[in-house]
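Below is one structure, written out as structure tokens, with a few remarks after it.
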Amino acid sequence: MATPHPVRFGVTLPQIKRTWPEARAAAEEFDRLGFDSLWVCDHLYGVPMPQLPILEAWTELAAVGAVTCRAQLGTLVTPPFFRNAAVLAKQAATLDAIAPGRVIVGLGVGWFVSEFEGYGAPFPAIGDRLLALEESCVVMKRMWTEPAVTFDGRFVQVRDVMCEPKPAERPRILVGGGGEKKLMRIAAKHADLWNNLASEQANLARKVDVLRRHCDDVGRDPAEIEVSQQCLVVVAETEGAAREAVGKAARIYGGHMGGQLEEHGIWGTPPQVIERIQRHVQLGCTHFVMELFGRDTREPARLFAETVMPAFRA
């Protein structure tokens with residue numbers, strides 16, 4: 001299937017049980033290796049246990065923006081109610097001043113209820129979180145492009161709010177999640193990228209079809225939306241080493257990231273990884289947000305950059 005977007009490779013940064021020096025070293029190396037985007041999760045507690053230390057997403061991204069040169073920077077994903085939507089728009093504009101043209105604001109609805117409760121943030125029913133997500137998309141895009149914005153939504157209200165300095169170009173918005181009735185419709189209306197959850201990787205073909213049908217319904221060209229896939233990637237020089245690592249990864253990551261990895265995931269020797277990526281591209285996915293498997297992810301990143309990425313570069 002032909003796609004209007006080039007194939008891009010993003011990689012997640014060390015964040016849970018990792019120090020800033022580790023995150024910085026990885027970010028600098030991934031940027032040097034030519035990865036297209038760098039990502040952090042937006043959680044206030046370590047997942048799945050609140051006592052796990054974790055670096056806050058937007059603070060980490062700002063620091064990463066200052067020590068890298070080319071890769072785009074994004075969250076996977078920021079939920080409503082952690083931050084006032086207008087303040088988040090201001091944060092993103094500031095990050096754009098640090099890393100011009102490199103900001104992707106990844107948005108979703110959130111799910112880890114204990115971190116909301118622990119930090120005193122509202123965690124309403126899913127319908128309300130979806131509405132807050134859509135209102136946030138509308139207000140942030142307007143704040144980045146209009147002199148002053150007034151908006152009176154149910155969850156987002158601003159009065160003549162100004163956002164200066166504005167980004168040189170509007171940050172792209174990613175909407176992540178698999179809700180086929182409402183969330184993916186919000187993506188069809190507002191997103192520049194839609195991200196498929198790792199847990200839904202086996203259902204990518206159906207999800208892309210759902211997204212296209214929503215685009216038809218709202219009068220949007222689906223080619224305007226870049227499809228990305230959150231995924232665990234295991235790459236090794238030999239098939240034996242890859243199979244051993246896949247087994248370890250499935251045990252460590254469990255059902256969310258490691259489920260159905262052997263059948264539907266991206267793993268193996270470099271030629272096998274290339275083939276499995278091509279299968280995803282044929283389904284319409286062109287941006288891969290990868291969790292590379294390894295204690296020091298710079299090692300698989302180097303192998304991937306040297307042996308896999310060249311197959312997808314012009």
Of the residues in segment 1-22, those that are part of a strand (DSSP E or B) and at pLDDT 95 or above come to ARG8, PHE9, GLY10, VAL11, THR12
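Please go through segment 23-52 and give me each residue that is among the polar types (S, T, N, Q) and either closer than 16 Å to GLU117 by Cβ or part of a loop (DSSP other than H, G, I, E, B) (or both), ordered by number. Write out each step before concluding.
Step one: list which residues in segment 23-52 are among the polar types (S, T, N, Q), which gives 37, 51.
Across segment 23-52, the qualifying residue is only GLN51.
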Among ALA63, ALA71, ALA99, which is surrounded by fewer than 23 Cβ atoms within 10 Å (Cβ to Cβ), within 19 Å of GLU29 (Cα to Cα), touching a helix residue (DSSP H, G or I) at 6+ places or on another chain (Cβ under 6 Å) and of a type outside the set (D, E, K, R)?
ALA99
Step by step: first the residues of segment 66-89, then only those that are assigned to a helix (DSSP H, G or I) and in contact with an Asp or Glu (Cβ under 9 Å, 6 or more places away or on another chain), then the one that is farthest from ALA191 (Cα to Cα). Which residue is that?
VAL67
Identify, please: which residue in segment 133-166 is of a type outside the set (A, V, I, L, M, F, W, C) and in contact with a Leu (Cβ under 9 Å, 6 or more places away or on another chain) and is, among those, surrounded by the most Cβ atoms within 10 Å (Cβ to Cβ)?
SER136
Pairing a residue in segment 106-130 that is without any contact (Cβ under 8 Å) to a residue 24 or more places away in the chain with any residue that is surrounded by 13 or more Cβ atoms within 10 Å (Cβ to Cβ) and not charged (D, E, K, R), where Cβ atoms lie under 6 Å and the two sit 6 or more apart in sequence or on different chains, gives VAL113/PHE123
Scan segment 287-308 residue by residue and report those that are surrounded by fewer than 19 Cβ atoms within 10 Å (Cβ to Cβ) and hydroxyl-bearing (Ser, Thr, Tyr).
THR307
For ASP128, are the conditions met, namely being of a type outside the set (S, T, N, Q), part of a helix (DSSP H, G or I) and surrounded by fewer than 17 Cβ atoms within 10 Å (Cβ to Cβ)?
yes
Of those in segment 218-253 that are under 20 Å from the mean Cα position of the chain (by Cα) and without any contact (Cβ under 8 Å) to a residue 40 or more places away in the chain, the residue surrounded by the most Cβ atoms within 10 Å (Cβ to Cβ) is ILE225
Odd one out for LEU174, checked against (1) free of Cβ contacts under 8 Å to residues at least 40 places away in the same chain; (2) out of contact with any helix residue (DSSP H, G or I) (no Cβ under 6 Å at 6 or more places or on another chain); (3) closer than 22 Å to LEU95 by Cβ; (4) not polar (S, T, N, Q):
(1)
Being among the β-branched types (Val, Ile, Thr), assigned to a strand (DSSP E or B) and buried (at least 17 other Cβ atoms within 10 Å of the Cβ) is the requirement here; does ILE173 meet it?
yes
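Table: residues versus (1) farther than 30 Å from GLY265 by Cβ; (2) under 20 Å from the mean Cα position of the chain (by Cα); (3) in a helix (DSSP H, G or I).
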residue	(1), (2), (3)
THR94	yes, yes, yes
GLY120	yes, no, no
LEU133	no, yes, yes
TRP194	no, yes, no
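The values are calculated or read from the model by the stated rules, or taken from the named source; none is laboratory data. All figures in this text were calculated on a predicted structure; none of them were measured in a lab. Counting neighbours? That spans all protein chains shown, and the Cβs are built from the backbone with ideal geometry, glycine included.
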